[in-house]
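Reviewing the structure listed below.
The values are calculated or read from the model by the stated rules, or taken from the named source; none is laboratory data. Quantities reported herein were computed from a predicted structural model and do not represent experimental measurements. Cβ placement follows ideal geometry from the backbone for every residue including glycine, while neighbour counts extend to all protein chains displayed.
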Amino acid sequence: MSEYFLSLKGICKRFPGVSALTDVSLDIKNGEIHALCGENGAGKSTFIKILTGVYQSNDGEMLCEGKVVRFNNTQESFSLGITAIYQELSILPNLTVAENIFLGRELRIPGFGLLDYRKMNHLAKTALLELGIDIDVTKTASEYTMGYQQMIEIARALIANVKLIIMDEPTSSLSGREVDVLLKNIHKLKEKGIAVIYISHRLEEVLAIADRITVIRDGCKIGTMERSEADEEKIIRLMVGRTLEEKFPRHQAQKGDIALRVRNLNQRGRLNDISFDLHKGEVIGFAGLVGAGRTELARAVFGADKIDSGIIEIFGKQVKINSPKDAIHHGMAFLTEDRKGQGLILMHDIIVNSTLTGLKKFCKFGYFIDQKMVVAEVDEMMRELQIHPAIPKMTTRLLSGGNQQKVVIAKWLCSKAKIFIFDEPTRGIDVGAKVEVYNLINRLVNEGAAVIVISSELPEVMGISDRILVMNSGKITGEFSCLEVTPEEILKAATGGINHEYKHA
Amino acid sequence: MNTSTPEVQGHGGTQKTQFRQLIKKMGSLIGLIGLSLVLTFASPYFLTMDNIMNVARQSAINSLIAIGMLLAILTAGIDLSVGSILALSTVMMGIVVVKMGMSPIIGVGVCLGIGILLGWLNGMMLTKMSLPHPFISTLGTMNVARGLALIVTAASPISNFPTSIQFLGAAFIGPIPVSFILVLVVYAAFHVFLNYTTVGRYIYAVGGNPEATRLSGISIDKVLIIVYAISGLMAALGGLVLVGRVNSAYPLAGLGYEFDAIAACIIGGASFMGGEGTVWGTLIGSMIMAVLRNGLNLLSVSAEMQTVAIGIVIILAVYIDVLRHKAAARVKA
Ligand SMILES: Nc1ncnc2c1ncn2[C@@H]1O[C@H](COP(=O)(O)OP(=O)(O)OP(=O)(O)O)[C@@H](O)[C@H]1O
Ligand SMILES: [Mg+2]
């Protein structure tokens, strides 16, 4: 057996008008953890889709355990032991955990042909225990959090005896503790001789687990290095072709009047007596574990969900917000965390998506849209946010994850709001573009806007907010000034003072 | 901008991709031309002025109803009540004008008004009563309106309309039927409405992703109510043309018209999943159906066989569309 499980030589992939990959060669050793880094749209996801047979390369050769292979679909790659876990999990929420794990490979009682639930449940349980997860495999998958569902997918791969697991941004919707568990389990996979390709924009994770790191820029491989040769600065330099000056730039605005005042907000079972003030020229960061109620709070304030009681004042005036429409009318903007489900209309193009909320302002005679104005504004926004490729009529489904996020941001910039709520604004965005987003938030604040940032990345919350509010189980459990807080204090408030075990909500 | 063809992939790229895009946009038009060519060879009468105008006239009613249906389909909905709305609105016009002797203007107002009202009710039931799918609200209205049409007429037709009411359905300007001119004007208006007004864009947005649309501050309920009201209005307008053509309003008019309208939209490239479909595609879809019926008539194919043929065409048209989408999803440039 050769040292390499998989060898790719000169892989090219062209989409009409875009060359996503040019002459990429890469070897994956048996049982290594190989990280892929690159900016948004660099071609990482396209690369792994070729590995798994979702796309076929235009050029190049792929060797699996020494033999030339070509995958026409994911079944073919799977049969050779290659599987991918995507950011959008492919768990069926209405099936049980065990059923999910054995989906497509159900065990039957010999001679009868009926499903052997006892055996499947037992093996599923064993596989999960191996990952250090002790859950009831007969419950439906929907009862478990994203972190658990991901473990269920890994267990599914284990049961199938795969040799290579590809993870495309697996941690972008996990809480800190869930990330730790995942990283630990990736090590376990390695010990079993399973190779892992790991894609993430969080370089600290990459540096923590990778054996080797490959950097891709504009569809070309820049280089592969051993972990020992790599550090964060070097990876960033290779990724973006320059060094980053400042990771967390700060705004210059002075704190002004109260823009948003929330008092005693309640929503049964989800929000408990929430009160806070947000000033003009201020950024408040909301920290907390996934499921702490931050998104619920944002949705409630924005009128996306009904509240049971509570008062909301905007610029000193009490307002009734019954729908997002009311909220926008009062100058609010809400960037949702789930860009595919709630942010974008994937089948429509960049123009449509980025002008959806602000469409009224392009109208002549009250109703008719001035296309020239729309196109000019969209062009401007695409330049400002560095959306790539800068093709206004590109269907947003075809954009890379990070660029989709930028389109959602564009949508809210276009709406001329005064109070912005950003829910995980940099999810899936590369390091360079993150700084662009921070600059953008700062610009809004400098121009007098008030901003709330919800983020599960502690360094980010601490780096860009003036004040940090911590939530836990639907309550605000801590308030800190960014100047004097430590990560430990925030974590303590987020877990209610107790060191919670990794448990599901 | 024309987002009604959202799948833009080769962006001024190579000539090959531009050509491919053109084919994609023109898919159903090429179908229509191909069909016409075949019929031209098969029947010498097909390409005469008389026959073409005949087709134009015959397609008018379905075209008018289909454009209303398109709005519902764009929002990932459906309107099953159009045939019944057509019947009820026209027999009410008959009662007002013929039986009660009121002015034709009032009659037309009653006809269109009932169309809008029933459509509006469809929308209200869907949104305010939160019925789970427009299939249900419009299925209900379909039965109620048909039943009422039979009751108010005691199941017998109403004839002898004044010529002013027959104008839309029966008159010609030169060789061109007024009904076809009406179709062109209406379609041009819908093109502008869907592409260049906020409500039009919101209709596409609602069908594409209702949750994202709602969170963008758009009242989905309002959009849906407008959509079904317009669909009702177009059904009544189709009825007005029908009354003109046959000089009679009858309670069983428009039976099954909803399916022709749906077929026109689908053949024209609209997606049942919502968010995709164009005004001109729908017109071509409606023309394909009319040309097909006309051609089969010219070739003296029996009515029964014609029904079979239409069924096959619907399935083929959608299948070709599916293939095109598949090809787009796994481009091997
Ligand atoms: N089906 C497609 N048709 C046309 N272009 C595509 C298609 N899929 C991807 N692309 C383009 O290929 C390029 C690479 O995209 P890819 O998704 O691989 O990037 P990525 O490195 O995963 O970025 P991110 O970090 O943002 O997820 C992008 O410019 C993208 O717009
Ligand atoms: Mg990606």
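Observations on the model:
- Subset of segment A:14-39 (residues that are away from chain B (no Cβ under 14 Å), within 13 Å of ligand 1 (Cβ to nearest atom) and of a type outside the set (Gly, Ala, Ser)): A:VAL24, A:LEU36, A:CYS37, A:GLU39
- Qualifying residues in segment B:184-211 (those that are away from chain A (no Cβ under 11 Å) and among the β-branched types (Val, Ile, Thr)) - the one surrounded by the fewest Cβ atoms within 10 Å (Cβ to Cβ): B:VAL185
- Residue match in segment B:227-245 (condition: at pLDDT 95 or above and under 30 Å from A:MET332 (Cα atoms)): yes
- Qualifying residue in segment A:372-383 (condition: in contact with a Phe, Trp or Tyr (Cβ under 8 Å, 6 or more places away or on another chain), closer than 16 Å to B:ILE218 by Cβ, away from ligand 1 (no atom under 16 Å from the Cβ) and not charged (D, E, K, R)): no
- Criterion violated by A:ALA376 - all others in (1) facing another protein chain (nearest Cβ under 10 Å); (2) part of a helix (DSSP H, G or I) satisfied: (1)
- Listed by position, the strands (runs of 3 or more DSSP E) inside segment A:183-245 whose residues that are small (Gly, Ala, Ser) and surrounded by fewer than 21 Cβ atoms within 10 Å (Cβ to Cβ) number at least 1 are A:220-226.
- Every condition in (1) among the aliphatic types (A, V, I, L, M); (2) free of Cβ contacts under 8 Å to residues at least 24 places away in the same chain; (3) more than 14 Å from chain B (Cβ to nearest Cβ) holds for A:VAL54 except the one numbered (3).
- The conditions of being at pLDDT 90 or above, among the charged types (D, E, K, R) and either surrounded by fewer than 16 Cβ atoms within 10 Å (Cβ to Cβ) or under 24 Å from A:ASP218 (Cβ atoms) (or both) are met by A:ASP370.
- Residues (more than 16 Å from ligand 2 (Cβ to nearest atom) and among the aliphatic types (A, V, I, L, M)) located in segment A:363-392: A:ILE369, A:MET373, A:VAL374, A:VAL375, A:ALA376, A:VAL378, A:MET381, A:MET382, A:LEU385, A:ALA390, A:ILE391
- Any hit, segment A:339-354, residues being in contact with an Asp or Glu (Cβ under 8 Å, 6 or more places away or on another chain), more than 16 Å from ligand 1 (Cβ to nearest atom), over 18 Å from B:THR198 (Cα atoms) and not aromatic (Phe, Trp, Tyr): yes
- Any hit, segment A:223-239, residues being within 16 Å of ligand 2 (Cβ to nearest atom) and away from chain B (no Cβ under 14 Å): yes
- Residue in segment A:393-405 that is over 14 Å from the mean Cα position of the chain (by Cα), more than 14 Å from ligand 2 (Cβ to nearest atom) and more than 13 Å from chain B (Cβ to nearest Cβ) present: no
- For A:SER7, the conditions (1) small (Gly, Ala, Ser); (2) in contact with a helix residue (DSSP H, G or I) (Cβ under 8 Å, 6 or more places away or on another chain); (3) away from every other protein chain (no Cβ under 14 Å); (4) more than 16 Å from ligand 2 (Cβ to nearest atom) are fulfilled apart from (2).
- Whichever residue in segment B:12-40 is among the polar types (S, T, N, Q) and closer than 18 Å to B:TRP280 by Cα and, among such residues, is modelled with the highest pLDDT: B:SER36
- Of the residues making up segment A:10-22, those that are more than 16 Å from A:THR214 (Cα to Cα) and more than 16 Å from ligand 2 (Cβ to nearest atom) are A:CYS12, A:ARG14, A:PRO16, A:GLY17, A:SER19.
Yes/no per residue for (1) modelled with pLDDT of 90 or more; (2) of a type outside the set (Gly, Ala, Ser); (3) closer than 20 Å to A:ALA333 by Cβ; (4) outside any helix (DSSP H, G or I):
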site: B:LEU168; (1), (2), (3), (4): yes, yes, no, no
site: B:GLU211; (1), (2), (3), (4): yes, yes, yes, no
site: B:GLY217; (1), (2), (3), (4): yes, no, yes, yes
site: B:ILE225; (1), (2), (3), (4): yes, yes, no, no
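- Close pairs from segment A:189-212: first within 16 Å of ligand 2 (Cβ to nearest atom), partner in a strand (DSSP E or B) and of a type in the set (D, E, K, R), Cβ under 6 Å, at least 6 apart: A:ILE199/A:ASP168
- Verdict on A:ILE476 being within 20 Å of the chain's Cα centre (by Cα), assigned to a strand (DSSP E or B) and of a type outside the set (Phe, Trp, Tyr): no
- When residues of segment A:40-85 are limited to those that are assigned to a strand (DSSP E or B) and within 16 Å of ligand 1 (Cβ to nearest atom), the one nearest to A:ALA20 (Cα to Cα): A:ASP59
- Filtered residue count, segment A:328-350, keeping only those that are facing chain B (nearest Cβ under 7 Å), touching a helix residue (DSSP H, G or I) at 6+ places or on another chain (Cβ under 8 Å), buried (at least 24 other Cβ atoms within 10 Å of the Cβ) and assigned to a helix (DSSP H, G or I): 1
- Residues in segment A:110-140 that are surrounded by fewer than 22 Cβ atoms within 10 Å (Cβ to Cβ), more than 18 Å from A:LYS190 (Cα to Cα) and small (Gly, Ala, Ser): 2 in all.
- Filtering segment A:34-73 to residues that are away from ligand 2 (no atom under 16 Å from the Cβ), closer than 29 Å to A:ASP430 by Cα and among the hydrophobic types (A, V, I, L, M, F, W, C) leaves only A:MET62.
- Qualifying positions in segment A:86-103 - of a type in the set (S, T, N, Q) and under 27 Å from A:PRO16 (Cα atoms): A:GLN87
- Residue match in segment A:426-445 (condition: assigned to a strand (DSSP E or B) and not polar (S, T, N, Q)): no
- Residue satisfying all of: in segment A:405-430; near ligand 1 (Cβ under 9 Å from one of its atoms) and within 13 Å of A:GLU337 (Cβ to Cβ); surrounded by the most Cβ atoms within 10 Å (Cβ to Cβ) among these: A:GLN405
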